[in-house]
Amino acid sequence: MEQFERAILLSLDHKASVEDRGRVVAYLESLNHQESSWKLAIKVLESTQRSEVAFSAWNLLSHFVENHWDIVSDSNRSAIRNWVLEYVRKTVSDSSLPNNISNKISTLLVILCKLDYPERWSSFFVDLISLLQFGPQAFDTFFRVLNYFDEDLIAFDDRRSQKEVLQITKIKDYMRQSGTLVQLVEVWYKVLEQFHTTQPEIASMCLHTISHYLGWMNVSLVLNEQFVSLFLRYLSNPKLQIAAVKCIRAFIHRRISIEEHFELFKRFNILEVISKIDINNSNNEPLLIAISDLISAIGSTLIVCCQESSDNDKSEYSIWLSQTFSLSNSLGKHQNFRVSHEILDFLSKYVHFIFSLKKRENIDLLSIFREMFSVVFTTIRFPNSYNPFEIGEFEEEFDQHRIKANNLFKTLLESAENHTIALLNEYLSGLIAQIDQTHYSHVEVALHLISLIGTHLRISAIREDFKNRKSFYLTIELLMDSTILRCDHQSVSILYFNIVSKFGELFASHNRQSLGQILACFLDSRGVQHSNSIVRSKSCYYLLKLVEQLSSKMRNELSQFANQIIDCIHFVFMCYIKQKDVDYTSEDFLNVCQLIGCLTKRELIGNEKSHEVMSACIHPMQSQMSVMVEQKEFWTSNNAEFSGNRVADICNGIANLAKYLPKDADILFLFLQSLRTIIGILSLIPSHENLRSSTLVLIHHLLPNLGKQIFSTLPKVFDIYLNSVNSSNVTKVLQFIHRLISHFGNDIFELMDILLLKIISAIFSCFEEFSVSPPNGHIENGHILNGIDRIIPDSAVSQLKLGHLNLLRQYYLFISTISRSDLIRIFVSERNVPHLKEIFQSLVKGSSQTPDLSVNLVCFEIFRRIVRFWEHFDKVSGFYEAFTTFVVDSSFQSLQQKHINPDDAASNRLFREIAQLHIDMHQMFLKRGFIDFLSLRLCERVSFDSKQSQKYCQIAVNAETNTLKKILRDICRVYYDQSQKIEESQEQQQHSQSPNR
């Protein structure tokens with residue numbers, strides 16, 4: 001017992017060591033598995049004066065009851081129950097008992113009830129009621145236990161097992177049959193009568209408990225004159241209102257007949273009683289939410305009554321429904337959205353119901369619509385404390401509420417589309433008339449609803465509406481002609497630009513003169529020149545969407561805005577580069593450049609205007625870069641990084657403009673001039689990563705337009721990249737080379753002839769990053785002879801690092817790309833032929849000594865292409881002998897690699913590639929006796945006898961690829977099986993020698 005107390009206190013001591021805490025945890029965990037732990041818990045509870053120790057002891061006892069009750073004898077069960085009950089009797093009037101211990105005792109009583117009621121503890125509820133004699137404090141325990149009982153045993157939980165469901169059903173049935181529920185109801189009534197005035201907190205606890213039990217008990221026990229009259233009376237008692245409302249709500253939630261529901265409404269005149277509560281002036285949020293939920297439930301029930309009743313009864317139900325609707329309006333328009341949230345479902349159902357009626361002569365539809373429209377505008381508006389650009393708990397809660405309010409508005413649209421839009425237009429006109437005095441949230445609501453209409457209507461319906469200039473066209477017309485952006489709030493601006501991007505093109509096609517207004521608001525201080533960065537970014541994005549929809553039919557209207565576009569780019573550029581007025585970010589600048597490029601497409605504004613605007617945009621950028629080149633202070637150690645970033649942004653901006661250049665544009669020379677200036681700056685700061693990347697991006701965008709003109713700039717760029725040797729730079733160059741070859745093909749021969757050795761030298765140098773053993777020799781002046789050993793070190797091949805392997809793949813793919821066309825001549829050009837031997841050796845190593853199947857395949861594909869273009873290589877002295885010897889040997893050696901699995905589909909591709917290579921070599925080298933050489937190597941390398949080798953060669957002569965492939969697979973299988981046996985033998989040997997054995 002003392003040990004337990006010391007352990008608990010030590011576990012709570014923040015100064016205790018990790019070792020001590022570990023021992024405490026182990027000790028307490030061991031107690032949970034002891035069958036006598038309940039005795040220790042009881043002893044501790046009888047002696048301790050410390051609440052934290054008592055709480056842990058109750059935890060221990062609860063854990064024992066929940067997990068070991070099945071093995072406890074009946075006598076011990078009875079002893080534990082009696083002790084707990086006696087403890088409660090002794091402490092129930094103790095107001096100083098901590099709340100957490102009261103909760104723990106209450107939950108333990110419920111657990112015991114669940115396990116032993118009614119078979120072993122049929123008097124559970126009688127014993128519980130008997131506690132009430134010990135004074136007012138006992139009522140807290142009494143209702144606490146009842147609530148836990150309902151929550152833990154009765155409330156629906158789909159995670160319960162079938163056994164638990166049967167046990168709960170048995171408990172509820174026994175409570176009904178034994179009269180237990182009747183006893184509880186009698187106690188509840190006495191409590192309400194006795195304490196509703198003197199101690200309303202006890203009466204409130206009682207009402208909350210009743211509201212829970214009404215969900216499953218016999219409702220007639222409470223649905224009577226006595227109880228309901230109390231509930232209605234309590235509606236005027238501020239301390240009991242909420243609990244009383246919840247009780248009435250629980251009645252309505254029960255599945256009773258229509259007649260019973262309506263009888264309840266009439267008999268107790270619930271609506272009249274509720275109407276007396278001053279909803280508008282009450283600050284009691286929980287009460288208003290509860291009333292809103294109750295009114296919604298009453299209204300929904302009355303709608304069902306009307307739908308399922310006969311015509312004779314409908315009139316009476318309709319009267320009550322109209323009263324409910326009147327009450328719901330003030331709740332729906334309540335300034336607290338949590339209050340209005342509960343009523344919105346009923347209002348949606350009510351609108352649906354009204355429009356489903358065949359006879360609507362006596363219904364004022366216009367009045368109903370105006371009321372609903374007023375509810376929507378009020379409840380959907382941002383609360384004062386709401387920030388639309390933050391994601392907090394409050395904002396998320398309101399966003400969920402707004403979804404429900406959106407649904408109500410969509411219901412109005414579905415019921416009467418034209419009338420709903422007409423009401424919105426009326427509201428919008430009023431806002432525009434007083435825009436300078438209007439709070440932004442009112443304007444945001446109008447724009448939000450316009451956006452909802454646009455989402456709700458089919459595009460074909462919108463086109464028809466615009467064609468006939470009907471309701472939604474009038475909405476957009478109001479919006480376009482308005483000064484709504486004088487309400488300068490970012491949420492208003494963003495919504496406005498979003499709507500214009502969706503419908504501006506369609507509107508302008510029916511109203512050409514409006515295009516000027518539309519573009520103007522995007523380009524001036526309301527849009528891309530706005531002081532708010534979010535508005536700037538969004539306006540660019542939405543204007544791009546709009547411009548992409550515009551057609552060449554609007555060329556005349558668009559060309560008039562050339563000067564405004566020029567002013568815009570000058571303003572943005574000066575703000576960004578000079579950091580004046582508005583603080584523009586690089587993202588803003590790049591967005592505007594892309595926007596200008598899209599706006600100045602030749603098909604939109606014509607060739608002359610496109611030339612004019614593009615020239616005006618590039619000129620300040622080129623001028624700024626020229627100034628930076630001439631002034632040395634930009635490139636000091638302190639300023640170089642910042643200056644490089646500026647030039648990189650300019651470079652990216654020009655690239656965004658270049659995206660939209662036509663191939664025959666008259667101003668291509670300006671872009672080439674800018675590119676040369678950028679490359680000149682890059683040579684000043686060659687290690688600047690952002691500028692290097694941006695330069696490649698610009699070249700990428702200029703390639704389709706500048707064509708071969710761009711070749712003159714590439715050697716210098718690639719030199720900068722390759723001189724700063726690292727795998728990332730080399731990878732970028734290789735990727736770009738692939739694009740150049742795919743775009744220009746053989747036209748790039750001279751450029752590649754210059755670059756080949758530089759690129760290969762850089763790749764070989766990069767292998768130093770991944771060397772698993774110190775490299776031998778150095779790569780100097782383009783000589784790569786010693787670099788070849790770094791590609792695949794002979795030792796520790798299986799230890800190749802991932803970066804090493806990726807670089808290997810890049811290298812072989814680069815060689816493969818060159819070999820796919822007539823560019824293969826580069827390998828035997830005057831400049832490169834001295835190094836052909838080393839390049840070839842790298843291919844041999846890649847084909848048979850690299851533990852990567854993709855590399856192996858690429859190398860054999862390259863060998864086949866060399867055979868196909870043999871006329872270029874035949875002039876190289878001694879190359880035939882080296883090629884045939886090493887390639888044939890590699891083809892057989894590759895079959896012995898551990899990673900080649902004969903049963904793997906990918907490996908089958910390798911077998912096919914080798915088989916086809918042997919056939920191609922026979923056909924190309926027929927006159928040189930290659931087939932005899934192949935037969936000899938089969939005997940030497942694969943241990944074939946003469947008959948087997950002759951058979952293989954004959955199949956090659958007959959070009960039977962599939963048959964050769966099967967033979968190669970069988971050869972591989974022999975090596976693979978041998979390798980597996982060796983590995984198994986080694987594992988067994990290691991196992992037998994291990995110390996544990």
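Summary of computed values
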read-out: Top-ranked residue in the range 189-216 [being more than 13 Å from residue 147 (Cβ to Cβ) and aromatic (Phe, Trp, Tyr); ranked as surrounded by the fewest Cβ atoms within 10 Å (Cβ to Cβ)]; value: 216
read-out: Single match in 30, 56, 62 (criterion: assigned to a helix (DSSP H, G or I), open to solvent by 40 Å² or more (accessible area, probe 1.4 Å) and not aliphatic (A, V, I, L, M)); value: 30
read-out: Yes/no for residue 342 being within 22 Å of residue 423 (Cβ to Cβ), among the acidic types (Asp, Glu) and touching a residue at least 40 places away in the same chain (Cβ under 8 Å); value: no
read-out: Residue within the range 154-169 that is hydroxyl-bearing (Ser, Thr, Tyr), in a helix (DSSP H, G or I) and either in contact with a Cys (Cβ under 7 Å, 6 or more places away or on another chain) or in contact (Cβ under 8 Å) with a residue 24 or more places away in the chain (or both) present; value: no
read-out: Residue in the range 799-818 that is open to solvent by 50 Å² or more (accessible area, probe 1.4 Å) and modelled with pLDDT of 85 or more present; value: yes
read-out: Selection from the range 267-284 of residues that are touching a residue at least 24 places away in the same chain (Cβ under 8 Å) and either of a type in the set (D, E, K, R) or surrounded by 21 or more Cβ atoms within 10 Å (Cβ to Cβ) (or both); value: 267, 270, 276
read-out: Positions within the range 197-226 being farther than 17 Å from residue 242 by Cβ and not hydroxyl-bearing (Ser, Thr, Tyr), in sequence order; value: 215, 216, 217, 218, 219, 221, 222, 223, 224, 225, 226
read-out: Test for residue 180: is it surrounded by 19 or more Cβ atoms within 10 Å (Cβ to Cβ) and polar (S, T, N, Q); value: yes
read-out: Conditions (1) over 22 Å from residue 374 (Cβ atoms); (2) modelled with pLDDT of 90 or more; (3) surrounded by fewer than 22 Cβ atoms within 10 Å (Cβ to Cβ); number of the one not met by residue 451; value: (1)
read-out: Cβ pairs under 6 Å, 6+ apart, first in the range 382-405 and in contact (Cβ under 8 Å) with a residue 12 or more places away in the chain, second part of a helix (DSSP H, G or I) and open to solvent by 40 Å² or more (accessible area, probe 1.4 Å); value: 401/341
read-out: Subset of the range 548-577 (residues that are in contact with a Pro (Cβ under 9 Å, 6 or more places away or on another chain), open to solvent by less than 30 Å² (accessible area, probe 1.4 Å) and farther than 21 Å from residue 501 by Cα); value: 573, 577
read-out: Only listed residue being modelled with pLDDT of 85 or more, open to solvent by 50 Å² or more (accessible area, probe 1.4 Å) and either over 20 Å from residue 824 (Cβ atoms) or polar (S, T, N, Q) (or both), chosen from 708, 758; value: 708
read-out: Output for the range 925-934, where each listed residue is loosely packed, with under 15 Cβ neighbours inside 10 Å and either at pLDDT 90 or above or part of a helix (DSSP H, G or I) (or both); value: 926, 927, 928, 932
read-out: Some residue of the range 205-215 being in contact with a helix residue (DSSP H, G or I) (Cβ under 8 Å, 6 or more places away or on another chain), under 23 Å from residue 324 (Cβ atoms) and of a type in the set (Val, Ile, Thr); value: no
read-out: Residue that is in contact with a helix residue (DSSP H, G or I) (Cβ under 7 Å, 6 or more places away or on another chain), surrounded by 15 or more Cβ atoms within 10 Å (Cβ to Cβ), hydrophobic (A, V, I, L, M, F, W, C) and not in a helix (DSSP H, G or I), where the choices are 223, 232, 287; value: 223
read-out: Yes/no for residue 145 being within 20 Å of residue 131 (Cβ to Cβ), open to solvent by 50 Å² or more (accessible area, probe 1.4 Å), at pLDDT 85 or above and not acidic (Asp, Glu); value: no
read-out: Residue under evaluation residue 216, criteria (1) more than 17 Å from residue 270 (Cα to Cα); (2) assigned to a helix (DSSP H, G or I); (3) among the aromatic types (Phe, Trp, Tyr), criterion not met; value: (2)
read-out: Close pairs (7 angstrom Cβ cut-off, 6 or more residues apart or separate chains): free of Cβ contacts under 8 Å to residues at least 40 places away in the same chain and crowded, with 19+ Cβ neighbours inside 10 Å in the range 594-622, part of a helix (DSSP H, G or I) and not basic (Lys, Arg) anywhere; value: none
read-out: Positions within the range 67-84 being of a type outside the set (Val, Ile, Thr), in a helix (DSSP H, G or I) and over 18 Å from residue 102 (Cα atoms), in sequence order; value: 67, 68, 69, 70, 74, 75, 76, 77, 78, 79
read-out: Residue list for the range 328-359, filter: closer than 20 Å to residue 307 by Cβ, hydroxyl-bearing (Ser, Thr, Tyr) and within 32 Å of the chain's Cα centre (by Cα); value: 348
read-out: Verdict on residue 78 being out of contact with any Pro (no Cβ under 6 Å at 6 or more places or on another chain), touching a residue at least 40 places away in the same chain (Cβ under 8 Å) and open to solvent by 60 Å² or more (accessible area, probe 1.4 Å); value: no
read-out: Some residue of the range 935-949 being among the aromatic types (Phe, Trp, Tyr), free of Cβ contacts under 8 Å to residues at least 12 places away in the same chain, part of a loop (DSSP other than H, G, I, E, B) and buried (at least 18 other Cβ atoms within 10 Å of the Cβ); value: yes
read-out: Count - residues of the range 711-731 that are modelled with pLDDT of 85 or more and either surrounded by fewer than 17 Cβ atoms within 10 Å (Cβ to Cβ) or of a type in the set (A, V, I, L, M, F, W, C) (or both); value: 9
read-out: Total residues in the range 840-860, condition surrounded by fewer than 18 Cβ atoms within 10 Å (Cβ to Cβ) and modelled with pLDDT of 90 or more; value: 2
read-out: Set 330, 292: member being in a helix (DSSP H, G or I), modelled with pLDDT of 85 or more and touching an Asp or Glu at 6+ places or on another chain (Cβ under 7 Å); value: 292
read-out: Residue that is among the hydrophobic types (A, V, I, L, M, F, W, C) and in contact with a Phe, Trp or Tyr (Cβ under 9 Å, 6 or more places away or on another chain), where the choices are 405, 433; value: 405
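Okay, residues lined up against (1) among the hydroxyl-bearing types (Ser, Thr, Tyr); (2) in a loop (DSSP other than H, G, I, E, B); (3) at pLDDT 90 or above:
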{"residue": "648", "(1), (2), (3)": "no, no, yes"}
{"residue": "660", "(1), (2), (3)": "yes, yes, no"}
{"residue": "674", "(1), (2), (3)": "yes, no, yes"}
{"residue": "681", "(1), (2), (3)": "no, no, yes"}
{"residue": "693", "(1), (2), (3)": "yes, no, yes"}
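The values are calculated or read from the model by the stated rules, or taken from the named source; none is laboratory data. What you see is a predicted model; the values in this text were computed from it and never measured. We place every Cβ from the backbone using ideal geometry, glycine too, and count neighbours over all the protein chains shown. Ligands, DNA and RNA are excluded from the accessible area calculation, which covers all protein heavy atoms including side chains. Shrake-Rupley method; radii C 1.70, N 1.55, O 1.52, S 1.80 Å.
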